[in-house]
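Student: Below: one structure in structure tokens.
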Amino acid sequence: MLYLKTDEEVGLLRESNLLVSKTLGELASLIKPGVTTLYLDGIAEEFIRDNGGIPAFKGYGDFPATLCTSVNDEVVHGIPSSYILREGDIVSVDCGVILNGWYGDSAFTFAVGEIDESVRRLMDFTREALEEGVKEAIAGNRIGDVSRAVQDKAESGGYSVVRELVGHGIGKSLHEPPEVPNYGRKGTGSKMEKGLVICIEPMINLGRKETFQMRDGWTIKTIDGLPSAHYEYAVAVDRGRADVLTTFKFIDEVLNKS
């Protein structure tokens, strides 16, 4: 069953996702060679709590941290650690919060210093694939329309789409129906109605689509050791348009200054 939100509830979700957006913006200036992912995690938790929120990922299952920090060939769910970021790395930072009982969830892939142009192109295509998916998140369309738009953009660049991991609904729970795959067929899946709020999150690999899980029980890596990129928006479905509750403007303001 799909839980459709009222306009008031969408407004509360917008506030939660704004806090996530601001948290990622706070981290943007700190992501550089020599910084550990555990340090970033501490900064994020402090910022979220200082702004009245609760880290959504910490204690979810047995996840031990505020952020998922996935470096290079880590696709998602990387656990922050003493790993020191190096020039040429990329790191996907996935952040979730609870604010006034409502969840926010967003992810952005950051370059650490100067990176290889082939990896930069992967990041660009993945972010563009997210935008293409968002365009389809309108009332009357189906989840498969979102999925196909993401897949078509990613594969047009010669990249592969991770199959095992998908987007999801969001609201008073971090994960609600429906699942939102990043691959599929137009005209299939649940019909979207006004008030449905979903997280669209392309996970796109430079090489093969296959992945595996590390022994920590969380971290997902590419099977061939090549990089993966990940971006995520929370989006409220509306009539004739998609209402994006997340913003990358705080990140872009920092990155455009550097």
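Student: Taking the alpha-carbon centroid of each part, what is the distance from segment 124-155 to segment 45-119 in angstrom?
Tutor: That distance is 23 Å.
Student: Could you line up I79, I31, I115 from fewest to most neighbouring Cβ atoms inside 10 Å?
Tutor: The order, fewest Cβ neighbours first, is I115, I79, I31.
Student: Still on this structure: Checking the a/c ratio against 1.5 first, then a/b against b/c, what shape does the Cα gyration tensor give for segment 7-257?
Tutor: It is oblate, given that a/c is not under 1.5 and a/b is not larger than b/c.
Student: Among T188, T69, T6, T109, which comes first, second and so on when ranked by fewest other beta-carbon atoms within 10 Å?
Tutor: In increasing order of surrounding Cβ atoms, one gets T6, T188, T109, T69.
Student: Below 8 Å, C-alpha to C-alpha, sequence gap of six or more: please give me the relative contact order for segment 121-252 in percent.
Tutor: For segment 121-252, the relative contact order is 29 percent.
Student: Are there trypsin sites (Lys or Arg not before Pro) in segment 1-105 that DSSP puts in a loop and that have at most 16 other Cβ atoms within 10 Å, and which ones?
Tutor: Filter output for segment 1-105: K58, R86.
Student: Taking the alpha-carbon distance from K153 and a cut-off under 28 Å, which lysines remain once sequence neighbours fewer than 8 residues away in the same chain are dropped?
Tutor: K22, K135, K186, K191, K194, K209, K221, K249
Student: What residue among R127, R148, R215 shows peak mean-square fluctuation when the chain is described by a Gaussian network model with Cα springs under 10 Å?
Tutor: Highest fluctuation among the options: R215.
Student: Within the chain, what's the longest run with no chymotrypsin sites (Phe, Trp or Tyr not before Pro) in a DSSP loop and at most 15 other beta-carbon atoms within 10 Å? Give the range, please.
Tutor: It works out to 61-258.
Student: If you don't mind, there's one more thing I want to ask. In nanometres, what is the gap between the two model label sites at E210 and R239, each 7 Å from Cα along Cα-to-Cβ?
Tutor: That separation, rounded to one decimal, is 4.9 nm.
Student: Further question: If you stretched the chain out fully between K172 and K186, how much longer would it get, using 0.36 nm times the residue separation minus the C-alpha to C-alpha distance?
Tutor: My answer for the length gained is 2.2 nm.
Student: How far, in nm, would the chain grow between D116 and D152 when pulled straight, counting 0.36 nm per residue and subtracting the alpha carbon separation?
Tutor: That works out to 10.6 nm of additional length.
Computed from the coordinates by the stated procedures, all read-outs in this text should not be read as laboratory data. Since this is a predicted model, take the numbers as computed values, not measurements. Cβ atoms come from the backbone with ideal geometry, glycine included; neighbour counts cover every protein chain shown.
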